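*Asks:* For reference, the structure I am asking about is given below.
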Amino acid sequence: MRTLLLTGILLLTIYIFNSCSICSCKKVPCPAFSDINFETWLPYQPGQQLIFKNQSSFDTITLSGIIKSEAYEANKGCYNGDNGCYQDLSIGSNEIAGSSGNFMRKFSVNYFSTTAFSSSAYQKSINLQLREFKFTANDISDMGFVSAPGLYSTSFSPSIILNGTSYINVQTIVRDTTADVSLQQPYKVYLSKGVGLIAYETYPTRALWVKQ
């Protein structure tokens, strides 16, 4: 009798818990990917080709696809429900780079953000990779990528001249060369607002490759 009573109480508790979860569970509309600053600094289109030149040599990057998250409905207040709305985007090149079996896309950008239901607070992670150059930012503003101090540093210039060509609103991201930097790999990249990646330099020769 005692066993039956305990079993009944357990089943009732589970029923009440599930009922409450169902009652409190709501569908919340979440928007499709949209980040004006990101799309201004990296205004790329699928199939776009980027060509960089150093003296008589050329380097080509072809953007095979740009995938953006669509609008959807999230579960709020449910058991194991969502904590907020998510947005993501990925950009990748056709070309592959790497050596010693460590192959990767020559150029890629991956973006992920979460915005809490209860406030406008958000968390972002943006990863930009150019061969062995792997930079991570926690936000992007009107002046470019924002990151905590570390292996990479950033600076903003209203204007800059590269190989005789003038560019405006340029962010430079530099990797610390006292750390391990692979031979002839990018250690510095230049981004121009409204254009995207405009140039990069390799280490240790400091060869400058500029977008054509």
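Values quoted throughout were computed directly from the atomic coordinates according to the rules given, and no laboratory measurement underlies them. Model, not experiment: these values are computed from the prediction. Virtual Cβ from ideal backbone geometry, glycine too; neighbours counted across all protein chains shown.
*Asks:* Of the listed values (i) 9, 33, 35, 18, 5, 0; (ii) 7, 27, 28, 15, 9, 7, 5, 2, 0, 0; (iii) 8, 26, 23, 19, 15, 7, 1, 0, identify the label whose number matches P(r) over Cα pairs in 10 Å bins from 0, in percent calculated from this model.
*Replies:* (ii)
*Asks:* Report the FRET efficiency, 1/(1 + (r/R0)^6), for A71 and S155, where r is their Cβ-Cβ distance and R0 is 45 Å, rounded to 0.05.
*Replies:* Between A71 and S155 the formula returns 0.80.
*Asks:* HN-Hα J couplings of region 120-136 from phi, Karplus 6.51/-1.76/1.60, θ = phi - 60°, integer Hz, Gly and Pro as x?
*Replies:* 8, 5, 9, 10, 10, 9, 10, 10, 10, 10, 10, 6, 7, 7, 10, 10, 10
*Asks:* Cα convex hull of region 106-212: how many Å³ per residue?
*Replies:* Considering the Cα atoms of region 106-212, their hull volume per residue is 112 Å³.
*Asks:* Still on this model: Tell me which lysines have Cα within less than 28 Å of K188's Cα, excluding those fewer than 8 residues away on the same chain?
*Replies:* K53, K68, K106, K124, K134, K211
*Asks:* List the aspartates and glutamates whose Cα sits under 14 Å from the Cα of K27, skipping any in the same chain fewer than 8 residues away.
*Replies:* E73, D82
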